[in-house]
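Trainee: This is the structure I want to talk about, given as structure tokens.
The values are calculated or read from the model by the stated rules, or taken from the named source; none is laboratory data. Because the structure is a prediction, the values reported are computed rather than measured. Cβ coordinates were reconstructed from backbone atoms using ideal geometry, including for glycine residues, and neighbour counts include every protein chain displayed.
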């Protein structure tokens, strides 16, 4: 568990640090820039999440075939993911007007909306690489070779942070671009891991063992498997992200202070959330490997190990969030503001970060059990559960809380905490039911 998970956790931790630094740089540049960055960024990620989540399912397909000892199928599965990503690219670009319209609807104010739309549009241009990177990295993560994924992401994220500094503040002769510079840095450096993983995937070593070049082309069985299990997985991921995007857009309608406090708290929460995404990919890989071997008891044992490791990490952060929230929030104070001027955001943000301390433990449960179910192929349940909970329990009441009853920021965040608690418990009970042991993903598609 540690061998597979630690590089992935470090990989997503590097992304966490890059996002943290990115938001911190923007907060130093101006409060408007950091306030606009989360709505623009999360709208971009929401649209891309469906394509990313679908392509990411190549990881589970590779893991199950690797467990079954079919090496060439691992490489063929990656090519199906690459094909899917090529189909996705024009669709992602076609969604730009939809995202800009959503930002207009948010009515975040004349200062913020142009910045949000500018940031969003630049990110979408680079977003075409997200599904491709997911497919290529799955060749390595799906076989448990997660150090390769780690180095690709660390190199890319380091390049992003450096370019962020140069373009946001206008260093080394470049113009000062602010939030536009942050978007350009992300879009440009997204190609760094793409090149790294492509060169390795096509290298003579993997051609000899896995036939990575010779298996190029369309494979009806594996592409059908990607659609059957990957599309529900992508849909579930999209619905999860979209519900929180809706949450952020609604919070923005409460005022710039509420939006800035929420953006800062979500940036801090990434310290606990994003490493768990790496753990989720790891548990999908390990469950897929053992299911491919037909060893469900070891798959179950691995999930328990992953949950313990994840909860140890998130509990430490939850305690810090609860005890010293102001320490984290103060790091985002704009250079031109005094501590006294920033105090209103510190006060609001401290309350929110204490709420995050509660829900991050249940979010960890959801992420681990969701990853385990995906690794076994139980993606349709994940999709339908997300529809019912996110778009039945969470979004409609949240709309009434903020727009009709005007209960305010803390009430909206408290409802988000309830939503995450329900998600964690539902996915835990589904895994405990054992239905995932009856799916037989690769055996069903091999006939």
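Trainee: When you look at residue 161, is it surrounded by fewer than 23 Cβ atoms within 10 Å (Cβ to Cβ), under 30 Å from residue 36 (Cβ atoms) and at pLDDT below 90, yes or no?
Mentor: In short, yes.
Residue-wise test of (1) in contact with a strand residue (DSSP E or B) (Cβ under 7 Å, 6 or more places away or on another chain); (2) farther than 30 Å from residue 33 by Cβ; (3) without any contact (Cβ under 8 Å) to a residue 24 or more places away in the chain.
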| residue | (1), (2), (3) |
| --- | --- |
| 285 | no, yes, no |
| 301 | no, yes, yes |
| 307 | no, yes, no |
| 351 | no, no, no |
| 383 | no, yes, no |
| 387 | no, yes, no |
| 393 | no, yes, no |
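Trainee: Residue 142: closer than 23 Å to residue 37 by Cα, in contact with a helix residue (DSSP H, G or I) (Cβ under 9 Å, 6 or more places away or on another chain) and buried (at least 24 other Cβ atoms within 10 Å of the Cβ), yes or no?
Mentor: For residue 142, the condition - closer than 23 Å to residue 37 by Cα, in contact with a helix residue (DSSP H, G or I) (Cβ under 9 Å, 6 or more places away or on another chain) and buried (at least 24 other Cβ atoms within 10 Å of the Cβ) - is not met.
Trainee: Across the stretch 193-215, which residue is farthest from residue 131 (Cα to Cα) among those that are surrounded by 21 or more Cβ atoms within 10 Å (Cβ to Cβ) and under 25 Å from the mean Cα position of the chain (by Cα)?
Mentor: So, considering only residues that are surrounded by 21 or more Cβ atoms within 10 Å (Cβ to Cβ) and under 25 Å from the mean Cα position of the chain (by Cα), the one farthest from residue 131 (Cα to Cα) is 201.
Trainee: Could you list, in sequence order, all residues of the stretch 355-413 that are modelled with pLDDT under 90 and not in a helix (DSSP H, G or I)?
Mentor: Residues satisfying the conditions are 405, 406, 407, 408.
Trainee: Right, next: Applying the selection to the stretch 319-336, what residues are assigned to a loop (DSSP other than H, G, I, E, B) and modelled with pLDDT of 90 or more?
Mentor: Passing the criteria: only 324.
Trainee: Please identify the pairs in which a residue from the stretch 84-99 that is closer than 11 Å to residue 127 by Cα has its Cβ atom under 6 Å from the Cβ atom of a residue that is part of a loop (DSSP other than H, G, I, E, B) and modelled with pLDDT under 95, counting only partners at least 6 apart or on another chain.
Mentor: Note: pairs meeting the criteria are 89/128; 92/128.
Trainee: Out of 72, 38, 46, 12, which single residue is surrounded by fewer than 19 Cβ atoms within 10 Å (Cβ to Cβ), in contact (Cβ under 8 Å) with a residue 24 or more places away in the chain and part of a helix (DSSP H, G or I)?
Mentor: Result: 72 is the single residue among 72, 38, 46, 12 that is surrounded by fewer than 19 Cβ atoms within 10 Å (Cβ to Cβ), in contact (Cβ under 8 Å) with a residue 24 or more places away in the chain and part of a helix (DSSP H, G or I).
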